[in-house]
Amino acid sequence: MDFTSQQRLDDGVLERRFTLDDIPGVLWTPEPARTPSPLILLGHPGGLDRMYPRLVGRARHCVAAGFAATTIELPGAGDRPRSEAVEQARADLQRALRAGEPVPGEVVDRLVLPLVEAAVPEWRAALDALLALPGIGGPVGFSGGIVSIAVRLALVEPRIAAALLFAGSVVPTAILADARRVTVPLLMLLQWDDEGNDRQMALDLFDALGSPEKTLHANTGGHTGVPGFEGDDANRFFVRHLV
């Protein structure tokens, strides 16, 4: 892991950009760090620079509650090499949505499963490197989307002790099968009027999740209309399970 830049934000948060095997990422930590901080992984739909304003807001909220927060770029997003097959699947998905047609399951599989298979090992490698840094400790939480990546990580990564899932992306059948074996505490956020996303698919995923402790927060509004108070609830959720 190579740190490429750092700045201190106006609330005292230390922001450091890094690369890990050519994967860009950002780490936000309390400054100064008095004790090792539990780490929250911030998921997002790709395009680290495009998503930065929202990510830094989420990260500052985490750090204010005593956590460190980090994110990495998704495979095929930002300046990372594109997959022609995934790009074609994305075009097929958008074509079905524009036509008001159901999205075929094979399109969902072609779009999401390669991303999950590539991203999960990268997140685990990032965890190896980040948890070796001074001031960063476990346990670890995952917060955000893409929801299929979050579900697979919650299943296979024993260092993740709790996960906050952002519903609103298509979910392959294979991920529903994974969900049945997830056991960590979960909080799922669902925007009831999310344009372009399948509410029933999100409810089916929540129903499938095998965790004995799982909570669904559903709010009216579109994809980007998550109420601000959900950030406070997310911190309380992670304090319960990571501190």
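The values are calculated or read from the model by the stated rules, or taken from the named source; none is laboratory data. Here the structure is a predicted model, which is why all the values come from computation and not from measurement. All Cβ positions, even for glycine, are placed from backbone atoms using ideal geometry, and neighbour counts span all protein chains on display.
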Filtering segment 176-187 for residues that are within 21 Å of V243 (Cβ to Cβ) and among the hydrophobic types (A, V, I, L, M, F, W, C) leaves a count of 3
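What is the residue count in segment 3-62 for residues that are of a type in the set (S, T, Y), over 19 Å from V239 (Cα atoms) and not in a strand (DSSP E or B)?
1
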For the condition over 22 Å from F67 (Cβ atoms), outside any loop (DSSP other than H, G, I, E, B) and out of contact with any Pro (no Cβ under 9 Å at 6 or more places or on another chain), what is the one hit in A177, A154? A177
Selection status of L39, more than 19 Å from R8 (Cβ to Cβ), modelled with pLDDT of 95 or more and either more than 18 Å from the chain's Cα centre (by Cα) or surrounded by fewer than 23 Cβ atoms within 10 Å (Cβ to Cβ) (or both): no
List the number of the failed condition for L115; all other conditions in (1) touching a residue at least 60 places away in the same chain (Cβ under 8 Å); (2) part of a helix (DSSP H, G or I); (3) under 24 Å from R50 (Cβ atoms); (4) aliphatic (A, V, I, L, M) hold. (1)
Taking segment 137-165 and the residues there that are touching a His at 6+ places or on another chain (Cβ under 9 Å) and among the hydrophobic types (A, V, I, L, M, F, W, C), the one that is modelled with the lowest pLDDT would be I146
From the residues in segment 192-218 that are of a type in the set (S, T, N, Q) and farther than 25 Å from E101 by Cα, which one is surrounded by the fewest Cβ atoms within 10 Å (Cβ to Cβ)? T215
Does segment 79-112 hold any residues that are among the basic types (K, R) and either touching a Phe, Trp or Tyr at 6+ places or on another chain (Cβ under 6 Å) or in a helix (DSSP H, G or I) (or both), and which are they? R90, R95, R98, R110
Kindly establish whether G25 is surrounded by 18 or more Cβ atoms within 10 Å (Cβ to Cβ), under 18 Å from G135 (Cβ atoms) and either among the small types (G, A, S) or more than 15 Å from the chain's Cα centre (by Cα) (or both). yes
Filter result for T71 (of a type in the set (S, T, N, Q) and free of Cβ contacts under 8 Å to residues at least 60 places away in the same chain): yes
Which of the numbered conditions does A179 fail, given that it passes all the others? Conditions: (1) out of contact with any Lys or Arg (no Cβ under 8 Å at 6 or more places or on another chain); (2) among the small types (G, A, S); (3) under 25 Å from A91 (Cα atoms). (3)
Which of the residues that make up segment 30-58 are closer than 13 Å to T71 by Cβ and polar (S, T, N, Q)? none
Filter segment 188-205 for residues that are closer than 10 Å to A167 by Cα and outside any loop (DSSP other than H, G, I, E, B) and give the result. M188, L189, L190, Q191, R199, M201, A202, L203, L205
Given the criterion within 30 Å of F237 (Cβ to Cβ), aliphatic (A, V, I, L, M), touching an Asp or Glu at 6+ places or on another chain (Cβ under 9 Å) and surrounded by 15 or more Cβ atoms within 10 Å (Cβ to Cβ), identify the matching residue among V112, V103, V108, V120. V120
